[in-house]
Amino acid sequence: MQAWARELGFSQIGIAGVDLSSAEPGLSAWLAAGFHGDMHYMAAHGLKRARPAELVPGTVSVITARMNYLPTATPTGAGEWQALEFSRLERPAEGIVSVYARGRDYHKIMRSRLQKLSERISEHVEQLGHRAFTDSAPVMEAELAARSGQGWRGKHTLLLNREAGSMFFLGEIYVDIALPPSEPVAPHCGSCQACIDVCPTRAIVAPHKLDARRCISYLTIEHAGPIPLELRPLMGNRIYGCDDCQLICPWNKFAQRSALPDFDERQGLTGQQLVTLFGWSEEAFLRFTEGSPIRRIGHERWLRNIAVAMGNALRVLDAAAGLPLREALQARAVDCGELVAEHIEWALSH
């Protein structure tokens, strides 16, 4: 099965059982604390997330898969790609898009390849009921991946692998046949808390505990309304997602390049000026983000995020360097919705 998976671009597969009852108290406490923010679907599905056989009746085993996503052109020198990414924070007039979102939408790629893997397995068993997921249903992906030996949960809550760091996507196939589970691996974070210390908004409130409401990835992607005032200055020029906790993690010196060209960076997104991105009409936004995970946030949130980044840039740039940003904000303020207008007004107050 590993060989079939590698042929399809997966880095590793594992097998987990369906008894996640020991994870239920942690999930319940996280929801009770409101750490899921606006992600109402997290609470709506309740404990079904920890009960695979309730989500897909008949499920007795879960095949987990991971797929590396670093673009093939990523520098290979020790610490080189992380330093390159951190350096973007020093160019405030440039927008930063999370590494995973610079290529094609992983949902489509992972799901189609998980489906192909399911079909390959089906050819070798008498009858197989199966359903594939990747970040698309109430599934405890990182928990299942950890239990199936893909890695361990880091203090930032993401999955870490000794040979690949954390720069990979996860997916699952729920199946109705019993498969021998993989052995889990021991955690290897030790006393390190680099991810906790580097988080710009202090979203990792304790080891293994994330308050999504403070996370820049949540704020720029999942959150629909105004971004809280106290968090805006902390976002810097991050306009879609945030990789800081992964960039600082020592295990990501082992991060692997993708076997697929799908995750290679698209022209026009990486290293692009905020003024250029803010100038996109809705039509241009849809055109430039076709087949990209960015499209799901819509044009309005895109402009909201960039307006915050432009306001942060105006705080540190001199008047001459900030003039194009100020003019772009003023031009957009003439004809925009209430959400974007509020963030433009905030940006221009700097």
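Every number in this text was worked out from the coordinates using simple rules, so none of it is lab data. All of these numbers come straight from a predicted model, not from anything done at the bench. Neighbour counts are summed over all protein chains in view; Cβ atoms, including those assigned to glycine, are modelled from backbone coordinates with ideal geometry.
Once you put a point 7 Å from the Cα of L84 and another 7 Å from the Cα of E327, both along the Cβ direction, what distance in nm separates them?
So the label points at L84 and E327 sit 3.2 nm apart.
Take the alpha-carbon centre of the stretch 292-350, take the same for the stretch 243-267, and report the distance between them in whole Å.
One Cα centre to the other: 28 Å.
Just to be sure I understand: if I project the alpha-carbon convex hull of the stretch 108-224 onto a plane and average over all orientations, what area do I get in nm²? Spell out each step's value before the answer.
Working: hull surface 35.7 nm².
Taking a quarter of the hull surface, the average projection is 8.9 nm².
Kirkwood Rh, Cα Rg: Rg to Rh for the chain? Kindly include the intermediate steps, with their values, before the conclusion.
Details: Rg = 20.9 Å, Rh = 21.3 Å.
Rg/Rh for the chain comes to 0.98.
How far apart, in nm, are the 7 Å Cα→Cβ label points at A320 and E290?
About 4.1 nm separates the two model spin labels.
Can you sort S148, S21, S292 by how many other beta carbons sit within 10 Å, fewest first? Kindly include the intermediate steps, with their values, before the conclusion.
Working: S148 26, S21 10, S292 17.
Ranked by crowding around the Cβ, least crowded first: S21, S292, S148.
Place a point 7 Å from the Cα of A178 along the Cα-to-Cβ direction; which residues of the stretch 98-130 have their backbone N under 19 Å from it?
Taking a point 7 Å out along Cα→Cβ of A178, the residues of the stretch 98-130 whose backbone N falls under 19 Å are 125-130.
Run the numbers for Q2 and S22: contour at 0.36 nm per residue of separation, minus the present Cα-Cα distance, in nm.
Values: separation 20, 0.36 × 20 = 7.20 nm, distance 2.81 nm.
Computed gain between Q2 and S22 is 4.4 nm.
Provide Rg over Rh for the stretch 162-209; use the alpha carbon set for both Rg and the Kirkwood Rh (inverse mean inverse pair distance). Present the calculation step by step, with values, prior to reporting the outcome.
Working: Rg = 15.8 Å, Rh = 14.5 Å.
So for the stretch 162-209, dividing Rg by the Kirkwood Rh gives 1.09.
Quick one, could you list the DSSP H helices from the chain stretching 27 Å or more along their long axis (Cα atoms) with average Kyte-Doolittle hydropathy of -0.5 or above?
Values: long enough: 298-316 (28 Å, -0.06).
Span-like helices in the chain: 298-316.
Neighbouring Cβ atoms within 10 Å as the yardstick, rank T59, T270, T220 fewest first. List each step's numbers first, then the result.
Values: T59 20, T270 15, T220 26.
Ranked by crowding around the Cβ, least crowded first: T270, T59, T220.
For H124 and E163, calculate 0.36 nm times their separation in residues minus their Cα-Cα distance, and state this gained length in nm to one decimal.
Details: separation 39, 0.36 × 39 = 14.04 nm, distance 3.01 nm.
Full extension of this stretch gives 11.0 nm more.
Per DSSP helix of 4 or more residues, -39500 (n - 2.57); summed, then divided by the residues of the chain. What does that give at 222 nm, rounded to the nearest 500? Intermediate values should be presented prior to the final figure.
Details: 14 runs with 122 residues, N = 350.
Result for the chain: -9500 deg cm²/dmol, rounded to the nearest 500.
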